[in-house]
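Trainee: One structure, as structure tokens, below. Some questions next.
The values are calculated or read from the model by the stated rules, or taken from the named source; none is laboratory data. The model shown is predicted, which means the values in this text are computed figures rather than measured ones. Reconstructed Cβ throughout: ideal geometry from the backbone, glycine too, with neighbour counts over all protein chains shown.
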Amino acid sequence: MNSPDPCSNPKEMAAVNVEKAFFYSTSPKIILGQSGKMADKNAACDQLFGKDTAGCKGQHFKYFIDRIRPRCSGPILPPNGVFRRHLCNDIVVPSDLSSSELRPAITGLDYDSPAFGLVRLRVIEIPNIHPTTGRCAGSLLSFEIDPSLEEIRNAIDKRLAHELMWEVYATSYDRILPHLPFYTECVDRHLNAVNQLGKATVLDVGSGTGIATEMMLRAGHRVTAVEPNRAMLRSFHLKQSEDVRDRLRIIEDTAEELPHLDTESFDVVTVLLAFFDMQDPHSALSEAKRLLTSGGTLIVTEPSLNFNVEHLMKVAEDSLKEQGLLRSLFEDWKNIQSVAPIISNTIRKTQSHTNPRNRMQAFTAESIHENLIDEGYADVVFTPSHAGNCATVIGVKP
Ligand SMILES: C[S@@+](CC[C@H](N)C(=O)[O-])C[C@H]1O[C@@H](n2cnc3c(N)ncnc32)[C@H](O)[C@@H]1O
């Protein structure tokens with residue numbers, strides 16, 4: 001059964017807003033549960049710590065500490081905070097705190113970021129008091145960035161703008177995309193390639209609202225979906241049905257590094273128009289190849305070198321008109337139109353990413369095609385898609 005839309009319930013809507021305030025905060029933030037696990041992290045946290053946060057959500061906080069410690073000087077947790085005091089003895093944080101713990105605990109930390117150099121942080125830990133029991137249910141950690149560090153602050157602002165773009169898009173995505181023949185043909189191409197392998201274990205990278213994921217689940221496959229965007233995930237969760245849930249695993253994270261997934265553990269990796277949106281598509285492509293079993297199929301659709309957003313939007317609009325849908329979907333179409341130029345810029349930026357290590361001069365459907373041939377993938381096929389603006393590349397790992 002689908003879950004009800006939270007917007008129809010003021011209480012749930014308030015909870016959504018609180019979650020958004022956390023996610024869109026310009027300070028990196030982490031929520032720690034009472035058992036010491038990282039319950040959540042926000043977009044600014046991903047931007048600051050980059051790959052150091054990969055796979056940390058849901059893991060014990062020590063896992064994150066171990067990842068960042070080599071780049072840190074100073075205590076990562078405030079010495080007088082609840083977590084530092086209790087975690088160093090390896091015990092769960094008690095729900096009854098002493099009066100000295102019922103206050104913010106603060107420390108200074110220098111983090112040598114691979115992307116931004118030395119970042120001076122003020123780490124603030126606030127015990128998370130349960131609203132009904134009044135007992136400690138974990139902590140909220142904030143990493144305040146020195147205001148003079150403009151580069152990282154600008155990078156966070158850009159990251160939040162990007163997340164907001166998908167928030168606009170997500171609401172209209174499921175209402176528009178299934179009506180566009182170039183999109184449904186592309187999803188079918190991915191699905192048919194998966195179906196050829198019988199019942200498969202599939203990794204769907206950048207699954208978005210889960211349109212393709214859902215179809216693969218319905219076809220009987222076991223799917224692990226990786227998606228970092230909250231709005232896309234919200235739409236994904238709303239359409240999930242009980243009968244396929246036991247074959248679905250959702251990883252709410254970026255795909256550049258997936259340390260908890262075993263090497264060669266998937267029969268298929270499918271990436272439908274998601275690499276173009278990633279900060280480091282080369283790492284994500286390498287990770288996809290690592291996770292694919294030998295003899296497994298990689299299916300990737302990416303924008304082509306000649307991607308032209310105006311052309312694609314015109315094809316889409318003509319198709320909606322022809323089907324008599326433009327009037328009823330007008331608001332959604334306006335949403336898609338408003339983010340199209342941003343998506344186009346993102347594509348241009350990603351396409352200019354070169355990587356000498358895998359000899360990719362650009363990140364396009366064409367360069368992925370060449371790269372798979374270079375690496376000895378078998379049966380490599382290149383199929384134009386999206387009215388010639390994108391292409392699907394399919395290959396079998398040697
Ligand atoms: C155009 S949507 C495609 C969604 C879906 N594959 C489909 O075809 O309907 C691109 C998706 O890539 C996701 N994405 C962006 N950066 C990512 C990353 N680093 N790792 C995984 N997914 C990412 C975005 O959040 C977005 O949902």
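Trainee: Pairs only if they're at least six apart or on different chains, beta carbon under 8 angstrom, first in segment 199-223 and outside the structural domain of residue 233 (by TED's automatic domain parsing), second part of a loop (DSSP other than H, G, I, E, B); list them, first residue then second.
Mentor: Final answer for the pair search is none.
Trainee: Then there is this: Would you mind stating whether residue 195 is polar (S, T, N, Q), over 22 Å from residue 281 (Cβ atoms) and more than 15 Å from the ligand (Cβ to nearest atom)?
Mentor: Criteria met by residue 195.
Trainee: Residues in segment 158-172: is at least one more than 30 Å from residue 206 (Cβ to Cβ) and either within 16 Å of the ligand (Cβ to nearest atom) or part of a strand (DSSP E or B) (or both)?
Mentor: For segment 158-172, residues more than 30 Å from residue 206 (Cβ to Cβ) and either within 16 Å of the ligand (Cβ to nearest atom) or part of a strand (DSSP E or B) (or both): absent.
For every residue, the table says whether it meets (1) in contact with a helix residue (DSSP H, G or I) (Cβ under 6 Å, 6 or more places away or on another chain); (2) within 19 Å of residue 261 (Cβ to Cβ).
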site	(1), (2)
180	yes, no
185	no, no
193	no, no
228	no, yes
233	no, yes
237	no, no
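Trainee: Now a separate question. Return the residues of segment 291-331 that are in a helix (DSSP H, G or I) and away from the ligand (no atom under 15 Å from the Cβ); say none if nothing qualifies.
Mentor: 310, 311, 314, 315, 317, 318, 319, 320, 321, 322, 330, 331
Trainee: Which residue out of 41, 37 is surrounded by fewer than 19 Cβ atoms within 10 Å (Cβ to Cβ) and either without any contact (Cβ under 8 Å) to a residue 24 or more places away in the chain or outside the structural domain of residue 280 (by TED's automatic domain parsing) (or both)?
Mentor: Exactly one residue qualifies, and that residue is 37.
Trainee: Six or more apart or on different chains, Cβ atoms under 6 Å: show the pairs whose first residue is in segment 229-257 and farther than 26 Å from residue 282 by Cα and in contact (Cβ under 8 Å) with a residue 60 or more places away in the chain and whose second is buried (at least 19 other Cβ atoms within 10 Å of the Cβ) and among the small types (Gly, Ala, Ser).
Mentor: Sorted first by the residue in segment 229-257, then by its partner, the pairs are 235/170.
Trainee: So, one more: Please work out if residue 339 is in contact with a Ser or Thr (Cβ under 8 Å, 6 or more places away or on another chain) and not polar (S, T, N, Q).
Mentor: no
Trainee: If you go through segment 13-38 one residue at a time, how many are in a loop (DSSP other than H, G, I, E, B) and closer than 20 Å to residue 85 by Cα?
Mentor: Final tally of qualifying residues: 3.
Trainee: Same structure, new question: Of the residues 254, 213, 270, 263, only one is in contact with a His (Cβ under 8 Å, 6 or more places away or on another chain), of a type in the set (S, T, N, Q) and either near the ligand (Cβ under 10 Å from one of its atoms) or over 25 Å from residue 391 (Cβ atoms) (or both); which?
Mentor: Criteria check complete, one pass: 270.
Trainee: Taking the options 175, 135, name whichever one is basic (Lys, Arg) and modelled with pLDDT of 90 or more.
Mentor: Testing whether each residue is basic (Lys, Arg) and modelled with pLDDT of 90 or more leaves just 175.
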